[in-house]
Amino acid sequence: MSLMNYVYLAIVLFAIGAATVLVRRNAIIVFMGIELMLNAVNLAFVTFARMNGSLDGQAVALFVMVVAAAEVVVGLAIIMTIHRSRRSASVDDANLLKL
Amino acid sequence: MAVVVSSPYLPILIFFACGIAFAALSVLGLGVVGPKKYNSAKFVAYECGIQPSPRADQGGRVPVKFYTVAMLFIIFDIESVFLFPFAVAFDSLGLFALVEMVLFVLTVFVAYVYVWRRGGLDWD
Amino acid sequence: MSPLALIGPPSATFTPSEVSYLSILPMLIVAGAALIGVLVEAFAPRAARFTAQFAVAMLGLLAAFAVIAMRAPAMIGVTLSGAVVVDGPALVFQGMVLLMGAAGLALMAERFGGRGPDAFTPSGSSVPGSQAEGLAERLGTTTEVFPLTMFALLGMMLFPASGDLLTMFVALEVLSMPLYVLTALARRRRLLSQEAALKYFLLGSFSSAFFLFGAALLYGYAGSLNLGEIGRAVGTVSGRGGLLAAGALLLFVGLLFKVGAVPFHSWTPDVYQGAPTPVTGFMAACTKVAAFGALLRLVYVGLAGSRWDWELVLWIVAGLTMVVGSVLSVSQTDIKRLLAYSSVAHAGFILVGLLAIDRAGIAAVTFYLASYGFATIAAFGIVLLVRARGSEATHISQWAGLGRRAPVLAAGMGLLLMGFAGIPLTSGFTAKFAVFAAAVAHAGAAGVVLTVIGVLSSAVTAYVYFRIVVLMFFSEPGGAPVDVLRPSAGGATAIGVGLLTTVVLGVFPAPLLALAASASQFLW
């Protein structure tokens with residue numbers, strides 16, 4: 001099987017994640033879409049590492065996992081605070097800042 | 001009586017089939033033939049000390065402490081992401097990498113000390 | 001120390017990468033100050049925390065700047081296996097980030113001589129108006145902002161000095177995440193502030209995912225994450241041109257989001273309005289400097305050879321950014337939103353200089369960022385001082401007649417706005433002239449078109465700024481009375497530096513232009 005198929009899979013996963021971010025209204029689910037995008041990138045990096053015969057791509061995958069976890073912590077803290085002060089995690093309810 | 005065993009895996013397959021059939025028969029058969037008498041004690045969790053945790057999607061509320069614990073867990077979980085490749089390649093890395101890892105762990109330790117001093121580890 | 005060098009095949013003999021500790025000393029100092037700040041937060045008694053935190057952070061910034069100012073020629077070099085490249089532009093951008101960070105820090109510590117509270121909530125996690133918040137209010141204030149700012153500054157220093165895409169991504173996240181948290185910490189209008197943080201966080205991490213995917217595609221194209229290697233691969237690798245073009249455009253999404261260019265600008269007004277005003281000033285100046293530093297390195301080192309693939313897109317982005325930023329600033333009624341749209345327009349002007357793809361462009365961008373950064377921190381510092389019933393008077397109608405109530409402050413704001421508009425003898429004029437001259441000289445017909453668009457947009461923004469000046473000096477004060485607080489020494493210094501650079505860089509631009517030109521050679 002061609003390694004390129006993994007790249008295509010990564011692109012599809014990335015697109016699904018991006019669509020989730022754009023379409024869904026719940027902040028938690030939007031956030032899950034972003035995590036899916038990051039994991040799709042990991043797949044792409046590992047595949048390219050295999051194709052190029054260098055290990056850099058695998059090292060990057062580790063860093064992306066760490067950054068994604070840090071993002072989870074910061075993001076959940078923000079979403080939780082906003083949820084506690086207005087009892088809703090919907091992105092549409094966060095509308096004080098419109099013109 | 002000569003039984004022709006075509007494959008050495010056939011007995012395993014038969015064993016699996018018997019097991020599944022027994023389990024299915026017990027579960028379904030009990031529902032059909034068993035007596036049905038309910039009381040409130042039968043609806044609580046079987047032989048477990050506490051009630052199951054409330055779930056947010058069923059209107060229950062989870063103490064906010066769980067989020068703090070989850071966040072702390074993630075920090076230490078992620079620390080091991082770097083420790084693991086270091087441990088695998090430890091033999092060929094030498095002193096320099098050891099110093100690097102000690103510095104890295106110390107940096108994470110600073111965050112840990114902060115959490116501890118500011119009460120992030122207290123449950124109540 | 002390089003992460004990439006650590007993970008080699010176990011059988012290979014491992015040689016630690018060369019580390020030039022002098023080159024990364026300023027970053028180490030800032031990182032150390034941030035970690036000490038965390039420990040101070042953990043152990044120092046509540047009463048001493050504010051002073052200790054401010055001292056640690058400020059000393060760290062000044063020490064790091066002193067290292068750069070005194071040892072800059074000796075620091076230049078590629079270190080950490082190419083992960084960090086400290087060259088002329090990197091040092092100049094790091095120096096700017098440090099000085100603007102110090103000015104921003106002084107505004108964050110502004111407490112009006114103990115007569116008023118600072119701009120930050122005492123308890124970021126509590127529900128606004130709840131008992132827990134009242135308790136936190138009595139106990140003290142949020143001094144976590146100082147370590148958070150230092151961590152953000154660390155990322156901002158690493159961003160323009162990153163030699164490979166992985167380092168760039170890590171720096172991007174290190175600078176972004178503290179900013180997400182800082183945005184949510186406003187003392188007044190907490191709901192607005194939290195909402196701004198949510199938007200900033202979701203859109204910011206969305207755009208950094210695009211950046212990362214672009215990095216993956218470029219890695220697939222060149223077989224290396226190093227920007228120099230990618231630059232060399234452009235001429236030699238054949239048959240993978242699609243990866244190169246798509247990767248470059250995705251990387252630009254991530255970086256253009258950070259500088260607030262159209263069509264990735266929609267977060268700018270909301271976040272600028274919702275964030276605590278000192279944080280807005282800090283973010284507007286330092287994030288822009290760092291992100292343009294990284295964008296310069298990416299374009300000039302990694303992607304200059306493939307400019308035909310993406311140049312047209314960036315020309316359109318630059319033109320749209322100038323037009324949209326200036327036109328939308330006309331209809332704004334909130335001073336913070338107005339400054340946000342003005343910053344979008346400025347991002348467009350800077351992009352024009354960047355697209356010259358020449359050393360003159362690097363120098364012009366550097367000069368523009370220096371003049372814009374200090375002035376914008378001072379402008380937000382002045383916004384911090386104008387109050388109505390305790391909270392900031394951000395509606396423009398509240399600024400009517402300010403020239404009579406506080407002539408010095410209004411004159412200062414007027415001067416800064418003249419600088420933003422680009423009136424001759426202010427820094428804004430020289431900066432705009434430098435970027436447009438670079439574009440006309442080196443970007444051909446596109447440079448001329450962009451310059452025409454830029455001059456027209458400047459005229460539109462000049463109208464917006466003059467309207468505020470007229471409002472401050474030539475109209476009657478109306479509605480609720482507006483107070484003007486007296487800043488403490490630190491805040492006054494930060495605002496004074498902004499005013500001073502606006503005048504000095506306008507009248508004597510030559511020394512900084514010469515410095516920027518001499519430090520415009522990228523290494524790789």
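The values are calculated or read from the model by the stated rules, or taken from the named source; none is laboratory data. This one's a predicted model, so the numbers in the text were calculated from it and none came from an experiment. FYI the Cβ positions are ideal-geometry reconstructions off the backbone, even for glycines, and counts take in every protein chain you see.
The residue that is surrounded by the fewest Cβ atoms within 10 Å (Cβ to Cβ), counting only those in segment B:91-124 that are among the hydrophobic types (A, V, I, L, M, F, W, C) and more than 29 Å from the chain's Cα centre (by Cα), is B:Leu95. Is it true that some residue in segment C:39-47 is in a helix (DSSP H, G or I), away from chain B (no Cβ under 12 Å) and at pLDDT below 90? Looking for residues that are in a helix (DSSP H, G or I), away from chain B (no Cβ under 12 Å) and at pLDDT below 90, one finds at least one in segment C:39-47, hence yes.
Do we find a residue being surrounded by fewer than 21 Cβ atoms within 10 Å (Cβ to Cβ), within 25 Å of C:Val86 (Cα to Cα) and not aliphatic (A, V, I, L, M) anywhere in segment C:243-256? No, there is no match, as no residue in segment C:243-256 is surrounded by fewer than 21 Cβ atoms within 10 Å (Cβ to Cβ), within 25 Å of C:Val86 (Cα to Cα) and not aliphatic (A, V, I, L, M).
Cβ-Cβ contacts under 6 Å between residues 6 or more apart (or on different chains), taken from a first residue in segment A:28-52 that is within 7 Å of chain C (Cβ to nearest Cβ) to a second residue that is among the polar types (S, T, N, Q), are listed as A:Ile34/C:Ser205. If you scan segment C:213-236, which residues turn out to be under 17 Å from C:Phe169 (Cα atoms) and outside any helix (DSSP H, G or I)? Across segment C:213-236, the qualifying residues are C:Ser224, C:Leu225, C:Asn226. Taken over segment C:172-206, the criterion of being small (Gly, Ala, Ser) and either over 17 Å from the mean Cα position of the chain (by Cα) or within 8 Å of chain A (Cβ to nearest Cβ) (or both) is satisfied by C:Ala184, C:Ala186, C:Ser193, C:Ala196, C:Ala197, C:Ser205.
Looking at C:Ser238, C:Ser207, C:Ser224, just one residue is touching a Phe, Trp or Tyr at 6+ places or on another chain (Cβ under 6 Å) and surrounded by fewer than 24 Cβ atoms within 10 Å (Cβ to Cβ), and that residue is C:Ser207. Please verify whether segment C:96-110 includes one or more residues that are away from chain B (no Cβ under 14 Å), modelled with pLDDT under 90, in contact with a Pro (Cβ under 7 Å, 6 or more places away or on another chain) and farther than 30 Å from A:Ala59 by Cβ. Yes; the residues of segment C:96-110 include at least one that is away from chain B (no Cβ under 14 Å), modelled with pLDDT under 90, in contact with a Pro (Cβ under 7 Å, 6 or more places away or on another chain) and farther than 30 Å from A:Ala59 by Cβ.
Going through segment C:159-171 one residue at a time, which ones are more than 9 Å from chain A (Cβ to nearest Cβ) and assigned to a helix (DSSP H, G or I)?
Passing the criteria: C:Phe159, C:Pro160, C:Ala161, C:Thr167, C:Met168, C:Ala171.
Taking segment A:11-27 as the range and being more than 8 Å from every other protein chain (Cβ to nearest Cβ) and in contact with a strand residue (DSSP E or B) (Cβ under 9 Å, 6 or more places away or on another chain) as the test, the residues that pass are A:Arg25, A:Asn26.
Every residue, every condition in (1) in contact with a Pro (Cβ under 7 Å, 6 or more places away or on another chain); (2) surrounded by fewer than 24 Cβ atoms within 10 Å (Cβ to Cβ); (3) among the polar types (S, T, N, Q), yes or no:
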{"position": "C:Leu351", "(1), (2), (3)": "no, no, no"}
{"position": "C:Ala364", "(1), (2), (3)": "no, no, no"}
{"position": "C:Ser371", "(1), (2), (3)": "no, no, yes"}
{"position": "C:Arg387", "(1), (2), (3)": "no, yes, no"}
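Taking the condition of being under 16 Å from B:Phe76 (Cα atoms), β-branched (Val, Ile, Thr) and facing chain C (nearest Cβ under 10 Å), how many residues in segment B:86-124 meet it? Of the residues in segment B:86-124, 4 are under 16 Å from B:Phe76 (Cα atoms), β-branched (Val, Ile, Thr) and facing chain C (nearest Cβ under 10 Å). A single member of C:Gly260, C:Gly274, C:Gly223 is within 10 Å of chain A (Cβ to nearest Cβ), in contact with a helix residue (DSSP H, G or I) (Cβ under 6 Å, 6 or more places away or on another chain) and on the phi > 0 side of the Ramachandran plot, and it is C:Gly223. Among the residues of segment C:348-363, those that are assigned to a helix (DSSP H, G or I) and either in contact with a strand residue (DSSP E or B) (Cβ under 6 Å, 6 or more places away or on another chain) or closer than 19 Å to C:Leu303 by Cβ (or both) comprise C:Ile350, C:Leu351, C:Val352, C:Gly353, C:Leu354, C:Arg359, C:Ala360, C:Gly361, C:Ile362.
Can you name the number of the only condition in (1) within 24 Å of the chain's Cα centre (by Cα); (2) touching a residue at least 12 places away in the same chain (Cβ under 8 Å) that C:Phe433 fails? Here C:Phe433 meets the rest and fails (2).
Here C:Thr321 does not qualify as crowded, with 24+ Cβ neighbours inside 10 Å, within 14 Å of another protein chain (Cβ to nearest Cβ) and either in contact with a strand residue (DSSP E or B) (Cβ under 9 Å, 6 or more places away or on another chain) or on the phi < 0 side of the Ramachandran plot (or both).
Restricted to segment C:1-28, and to residues there that are more than 9 Å from every other protein chain (Cβ to nearest Cβ) and within 16 Å of C:Ala171 (Cα to Cα), the residue that is modelled with the lowest pLDDT is C:Ser2.
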